[in-house]
Structure formats: C-alpha cells, structure tokens
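Reviewing the structure listed below.
The values are calculated or read from the model by the stated rules, or taken from the named source; none is laboratory data. Because the structure is predicted, anything quoted here is derived from the model rather than measured. Because the Cβ atoms are built from the backbone with ideal geometry, glycine has one as well, and the counts that use them run over all protein chains shown.
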Amino acid sequence: MPATPTARSLCLLLALALSAAPLQAARPKAKAPVRAKAPAAAVAEPAMPATRCGDDDQLRLKREPAAAADTAMAQTDPRAYLVQVAETAMQRSRQVGVSQLLAQSAADELREAELAGLPQVQLSLSGFGVASTVRSVRQPDGAEARVALQAAGPVWDWGQRKQLVEWRRQLAEAAQAARQGQAEQIALQAVSLSLERSRFTLQLQVYGQYIRKMACLVEALETITELDRGRASELVQAQKQQQLAELALVATQDQLRGVETRLRRLLGDPLPPVASLSAVLARLPDLGQMQKELLASSEVTQANAQALAAQRLADSVSAGQKPQVSWLANANLARGNGDNREYTAGVQVSIPLFRATDAPQRDAARRRAEAANLQRDETLEAKHWRLTEVHDAAQNSLDRARRIAELLRASQQLRGATLQQWQQLGRRSLFDVMGAEADYYSLRVAQVNALYDAQQAVAMMGSMGKGVLELLR
C-alpha cells in the first residue's frame, strides 16, 4: 500500500529527530570536568528520574575529584596502577601482619634450636641452718652456705640436635611461604576487585548510551503521537524499553557499590580513581611456562617445607631413642658448719634399655612425614589441573570476545539498516528498531564481560605461579 502524505511526513519528522539525537548527545552542558577519586561508590537516586535525550547529568557518576598524578597514572599506566593498588592493600592488611609475626616467631625458634648445642652453665646458691645428731648425741647447730656450679654439653647424639635444627629451619621456611601466600591472596583480591570496578564502570557507560538512545526515540515518538494518536502503542513500547535499560543501569550501579565497599576495606578511603583496565591483562601467558612456575608458588613452597620438616622431625625422634653421650662438670663449695669442697668432671652415657612408648612415637612421626609428602604431591597436582582449567577458561573468554566483536560489526550494520528502513516510510516496524538496538547494546555488555572474565583468569594464573605482581611487572 503506498504511504500516505501524513505517514510520509511523520516518518520524515521522526528521521530528523533521530538524526539530530547523536549531535544533541555529543554536546552536553558545559561543566567543569570531574575526575573520579574512586572511593565513592556511584551515588544514584533510589528511583531514577526520567532521562531526556542528550541529558548526561542523570547518568553521570558523582565522585570526588582525584589528584592529577593519580588520574594520569590510572589513564596512562594501568599496570603501575594495579601494582600500586596491590602494594597498598598488602601494607594495610592485618592478615599479612599476622603471618609476618608468625614467620618472625618461627625464625626465633630456629635460632633457639641452633643455640641448643652450646654448653649450658648453671650457678646455684643456697643457705640454711644445720642441726644433726650422731649416736644420740646432738651436735652443735650452725648455719651453712653452699655454692654449686654446673656445666654440661652434648658430645654425641646420633644427629638428633642437627635434625631438630633442620626441622625448625623448614618450619621457618614454611611460615615465610605462608606469609608470602597471604600477601599474594590480598594482592590478587585487590587486583580482582579493581578489574571488577572497571568492568561495571564500562557497563554503566554502555547502559548510559542505550538509555540516551531510547530517550531520543521516546522524544521523537512523543512528537509523532501528538499528531497521530494511533502510534501511542509504539510510544508505550519505547518507554518500556527505556525503563528496562534504566533498570539495568541501576542494577549495575548497585553491583559497583558493593565492589567499591569491599575495595575500600582493602585500600581505605578515599579510593584511587577508576582506571582504564580493559586490556591490561588481555595477553594469554604460555601454559607450559606457567606450569614450570608452579614450583615457585608460595603454596607449593609451603607444602614442600612442611613435608621436609616432618621428615626431619621423624629422624630426630629416631635419633633420640639411641644412646646419648654428654660431658658434665660440677663444683660444689660449702661454708659455715664445716668447710667442704667437691669437684667432678667426666663423660655421661645414657643408654635407653626399655621404653614402651618408643615404637609408637617413632611410627607416628614416620607416618606424619609420609602424610606430609602425600599432601605436597596433592597440592602440586591440584594446582597443575587448576592452572589448566583456568587457562582454558581464559582462552575461551578471549575467543568469545573475538566472536562478539565480529557479531558487533554485523549488529551495527543491521542496526543502521533497520533504522534506515524504518525511516523510509515504515518498511520496518518500531519493534524491529528497538530489537536491533537491544541486541547491539547487549552484545557490547557481553563483550565487556568476556574481556574482563579473561583478565580475571589471567590474574589468577599469575597468582598461582610467581605472583600477580610479578605478572604485572
């Protein structure tokens, strides 16, 4: 059916309104630029007011201004930005402080074990009254003071002391590895939350563009509906689509608030500005190299040190059940009720003949060592398969991002063609136009999610090896 002059004029009016929308959105109201110092979560009203075409004020995040140096780093050097964020989180973390104190206490216990082989010298002073009876004859009472000097040291213990020192040394290494592992977990958490913060910020930008597009369409349809009341259903549908986009934006703002609350616990308030992190970890590392770096991870190092410590303790228990040789020296001096002096020096040999607890004690220590070895092997194997799984997930996310990029190009062409055909005297319906717009912006959000899913996986892979900071540097 040929288009009537009224329909032709209405479509022409709508085409002019839509063609003017990008220009109107590109010229926002003059306003001093506000850079985010990021702490502040996005401040949004409980119910979003109606957004007009080209009105960016309702969609802009309200944030505190940031220092110029911080803003420059966030925009130009995202790797240095993430390193600074991770280091700040580690410095502020009480969990890292606790693990640091535990590592220092393990080092003190190691020094105690190393000094245990030195001679031990003890001085005893005593004074008391003396009363005695010999063959029913009471002797004169008096006072007596005694001084005793004792010294002792090991001569041969079948390596027991040496094994105890090595046991403490391995425990100290395990405690140090635990401290590094705790710091790595805090660093990974800070980097992960920063990536999530950047993800939701980009999503807000996409939803904001979608809302502005729908707002322009609603304004055009409001003008048309004033002339043609039969188009009211199209206006209702466009308003519904705009409200759905606004609802998605509000939900994303809520997610961003939650991320910034967790990040503020790590970094304090105010937060650093939001950085552009869409491609900072987009390169997939080599799986073979990452598997080699698993041996350098803090978790594997800790498990290996604990296994060696258990073996050293078992050797120490076995050596302690063998004969022990030590030297002794004593000097005793008594004054008061007589004058007595006594000096002794020599070697002492202790030979255990029978102790019923020796065999169970030895077997328990040996089985603990075997269990620690199995635990170390299990830890390494679990990290190996986990690394493979995360690598596959990162590869799939990057592949999904590439596929979505191809779909975006096709969606953009379809979007433009659909709008043009709709403008040309109704060759397409308004629902086709809105469907093309919804498909385009949903693909953009999916692309953002795919890119950041890949980066999260790459960050996790780095933390499983030498560390996420080493990966960033």
Quiz item: Name the pairs: first residue in the range 338-362 and under 17 Å from residue 326 (Cα atoms), second residue assigned to a loop (DSSP other than H, G, I, E, B) and not charged (D, E, K, R), Cβ to Cβ under 9 Å, at least 6 apart or on different chains?
Solution: 349/323; 350/323; 351/323; 352/321; 352/323
Practice problem: Using the structure shown, decide if residue 163 is surrounded by 21 or more Cβ atoms within 10 Å (Cβ to Cβ), over 30 Å from residue 232 (Cβ atoms), in contact (Cβ under 8 Å) with a residue 60 or more places away in the chain and not small (Gly, Ala, Ser). | Solution: yes
Practice problem: For the range 423-430, state whether one or more residues are touching a Ser or Thr at 6+ places or on another chain (Cβ under 7 Å) and over 30 Å from residue 186 (Cβ atoms). | Solution: yes
Exercise. Can you run down the residue pairs with Cβ atoms below 8 Å, 6 or more apart or on separate chains, where the first is in the range 136-158 and among the aliphatic types (A, V, I, L, M) and the partner is modelled with pLDDT of 85 or more and outside any strand (DSSP E or B)?
Key: 151/119; 152/119
Quiz item: If a residue has to be surrounded by fewer than 21 Cβ atoms within 10 Å (Cβ to Cβ) and either free of Cβ contacts under 8 Å to residues at least 12 places away in the same chain or among the hydroxyl-bearing types (Ser, Thr, Tyr) (or both) to count, how many in the range 193-247 make the cut?
Solution: 13
Quiz prompt | Flag for residue 259 being farther than 30 Å from residue 379 by Cα, under 20 Å from the mean Cα position of the chain (by Cα) and of a type in the set (Val, Ile, Thr) | solution = yes
Practice problem: Tell me which residues, restricted to the range 376-424, are hydroxyl-bearing (Ser, Thr, Tyr) and surrounded by fewer than 16 Cβ atoms within 10 Å (Cβ to Cβ). | Solution: 388
